[in-house]
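To start, the structure under review is shown below, and the notes come after it.
None of the figures in this text is laboratory data; all of them are computed from the coordinates on show. Computed from a predicted model, the values in this text were never measured in an experiment. Backbone-built Cβ (ideal geometry, glycine too); neighbour counts: all protein chains shown.
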Amino acid sequence: MTLENLRRKIVKSVSNYIFYGWIILLIAAVGIFVSGPGQSHTFSVFISPISKDLNLSATAISSAYGLATLVAALGLPMVGRLVDMHGARRVMGTVVVLLGFACIAFGFAPGLVWLAFGFGALRFLAQGSLMLNCTNIISHWFSRKRGVAMGLMLLGFAVSMAIHPPVCQWLIEQVGWRQAWFWLGVSTWLLMLPLILILLHNAPEALNLHPDGIKAELTSDDADVGKHSAEFGFTLNEALKTSTFYIVGAGLCTLSMLVTSLHFFQVPIFEHQGLSPVIAAWMFPLSAVVAVITQPFVGRSLDKYPTPRVFLVALATLFGSLVSMAFVSDLLTALIYAIIFGLNNAFNITLFGYMWPRYFGRKHIGSIQGTGQMIGVVGASLGPLPLGIAFDLFGDYQFMLLTLAGLPIIAGVLTQFLKEPTSAEKDYVS
């Protein structure tokens, strides 16, 4: 029996009981979890040991992180086009193999240059390419329930927040930061490659299924036919001509920039403000628990309420995260911050997967998500720099945190001008 026949036989068996999209959702959630080695909450626990081992300042590390992330972002539109051409399964398999090698190579960094290349590879492959592929798959398998599906899939990010920082902190204490990256690479292959090879399929139509598990084909009498069809979608060039693209991009860039800065500097900020690195690392799991509890509700709110209103609430929680972080001074204030930040993470990661197919459809979603992901990663590349520079110049983070809190206010105002994009060639938006 060939591998393709095995995959189809599994689909047929599973489909007798449940919609196979839920299996796809589980695989995508594991993929989001596996992106953890390229996420800022994992890097956060490595900053101090890397700084001491390589004798590097906070500005040097954050600058290398930011510049490498910025350069890596430029390749994401190409990844999106590859997904449109070859399907997410093939591209995702390649990404996961390369990500494992990138983790192992990162542990051999002898200085700043190798460190910067390592940051770039990990951010491009994990935070960029792997997350792009996971959200692309969910965009194809779910339409009417896309908000709920994205929320459930992105629980993988919350689980990563809960597991990767304390596990990495333990690995650092046991075997050192370099060997810790070896085990991150091996775990990436073990967790993801079997799922991709045996269970993953790009879209339901190839299996004679339909998004959301709808059994009957949509007809021309269905008012939503354009919204759910795999043949509908703005091209990237069409999307770039709409104001909607830039408003969505500005809001997501703000979220990515500031959430990344908080993840990246959480442990150093807590240490500077009098808390131990162990407590700082364990605030990640608390935020993750909050995200796990609230994320399904965030997803449902996107399906139920006007998108601009939900976007505004997300930016309000980002404002609260920055302000509460500025005043962390003991365990109680740390807990308050972790709870607010957990809610913020639930909004942040759900919106990144939801917004592009919501406004621009499925047909060319790889190209559009690739460009959108690039915008987000550019924001992430800039995020750590203001806090790193502020600490090196003034020895404190508080003023910069409060200054940055003005950005989500501006972005929140812009999101209230969101409207459905129009195109001379299309009558519907997804």
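In a shell of Cβ-Cβ distance under 10 Å around V83, excluding V83 itself, what net charge do Lys and Arg (+1) and Asp and Glu (-1) give? Write down the numbers at each step before the final one.
Numbers: positive: R81, R89, R90; negative: D84.
My count for the surroundings of V83 gives +2.
Given springs between every Cα pair under 10 Å in a Gaussian network model of the chain, which of G128, G147, G412 has the largest fluctuation?
G412
Karplus couplings for the range 99-113 from phi (6.51 cos²θ - 1.76 cosθ + 1.60, θ = phi - 60°), rounded to Hz, Gly and Pro as x?
After applying 6.51 cos²θ - 1.76 cosθ + 1.60, I find 5, x, 5, 5, 4, 5, 5, 4, x, 9, 4, x, x, 5, 5 Hz.
When only Cα pairs under 8 Å and 6 or more residues apart are kept, what is the percent relative contact order across the range 50-164? If you can, show how the numbers build up before the last one.
Values: 81 pairs, mean separation 35.7, N = 115.
Once divided by the residue count of the range 50-164, the mean separation gives 31 percent.
With respect to the cross-link table entries K241/K304; K241/K363; K12/K304, which display a Cα-Cα separation exceeding 23 Å?
On the way: K241/K304 28 Å; K241/K363 17 Å; K12/K304 32 Å.
Over 23 Å Cα-Cα: K241/K304; K12/K304.
Got a sec? How would I196, I61, I10 order by Cβ neighbour count within 10 Å, fewest to most? Before the final figure, lay out each step's value.
On the way: I196 21, I61 25, I10 15.
Exposure proxy ranking, most exposed first: I10, I196, I61.
Where the only charges are on Cβ atoms (+1 Lys, Arg; -1 Asp, Glu), what is the dipole of the range 307-430 about its Cα centre, to the nearest 20 debye?
500
Find the relative contact order for the chain and round it to a whole percent, using C-alpha pairs within less than 8 Å whose residues are 6+ positions apart.
Details: 733 pairs, mean separation 120.4, N = 430.
Rounded, it is 28 percent for the chain.
Could you compute the net charge surrounding A281? Neighbours are other residues with a C-beta less than 15 Å from the C-beta of A281; K and R count +1, D and E count -1. List each step's numbers first, then the result.
On the way: positive: none; negative: E173, E271.
It works out to a net charge of -2.
Can you compute 3J(HN,Hα) from phi for each residue in the range 285-291, using the Karplus curve 6.51 cos²θ - 1.76 cosθ + 1.60 with θ = phi - 60°, rounded to whole Hz and x for Gly and Pro?
x, 5, 4, 5, 4, 4, 4
When only C-alpha pairs under 8 Å and at least 6 residues apart count, what is the relative contact order of the range 310-430, in percent?
Values: 86 pairs, mean separation 51.5, N = 121.
Reported relative contact order: 43 percent.
Report the longest stretch of the chain that contains none of the chymotrypsin sites (Phe, Trp or Tyr not before Pro) sitting in a DSSP loop with at most 12 other Cβ atoms within 10 Å. Don't skip to the end; give the middle numbers.
Numbers: sites that count: Y17, F108, F417.
Maximal segment without exposed cleavage sites: 109-416.
Using a Förster distance of 35 Å, how high is the FRET efficiency between S243 and W22, based on the Cβ-Cβ distance and rounded to 0.05?
Numbers: r = 36 Å, r/R0 = 1.03.
According to the calculation, E is roughly 0.45.
Can you work out ³J(HN,Hα) from phi for every residue in the range 120-132, in order, using Karplus 6.51 cos²θ - 1.76 cosθ + 1.60 and θ = phi - 60°, giving whole Hz and x for Gly and Pro?
For the range 120-132, the Karplus-derived couplings read x, 5, 5, 5, 5, 7, 8, 5, x, 5, 5, 5, 4 Hz, x marking Gly and Pro.
Please build a GNM for the chain, connecting alpha carbons under 10 Å apart, and tell me which residue among V113, V292, V34 fluctuates the most.
V113
Under the classification rounded if a/c is under 1.5, otherwise prolate if a/b is larger than b/c and oblate if not, where does the range 141-200 fall, given a ≥ b ≥ c as square roots of the Cα gyration tensor eigenvalues?
Judged from the Cα gyration tensor, the range 141-200 comes out oblate (a/c at least 1.5, b/c at or above a/b).
In degrees between 0 and 90, to the nearest 10, how far off the longest principal axis of the chain does helix 331-360 point, with axes built from Cα atoms?
On a 0 to 90 degree scale, this one is about 30.
Suppose every K and R has +1 on its Cβ and every D and E has -1 on its Cβ; what is the size of the dipole of the chain about the Cα centre, in Debye to the nearest 20? Walk me through the numbers on the way to the answer.
Numbers: 24 positive and 20 negative charges, 152 e Å.
It comes to approximately 740 debye.
For the chain, what does -39500 (n - 2.57) per DSSP helix run (n ≥ 4), summed and divided by total residues, give at 222 nm, in deg cm²/dmol to the nearest 500?
On the way: 22 runs with 321 residues, N = 430.
Computed ellipticity for the chain at 222 nm equals -24500 deg cm²/dmol.
Can you find, among L286, F297, I23, the residue farthest towards the positive end of the dipole of the chain? Put +1 on the C-beta of Lys and Arg, -1 on that of Asp and Glu.
I23
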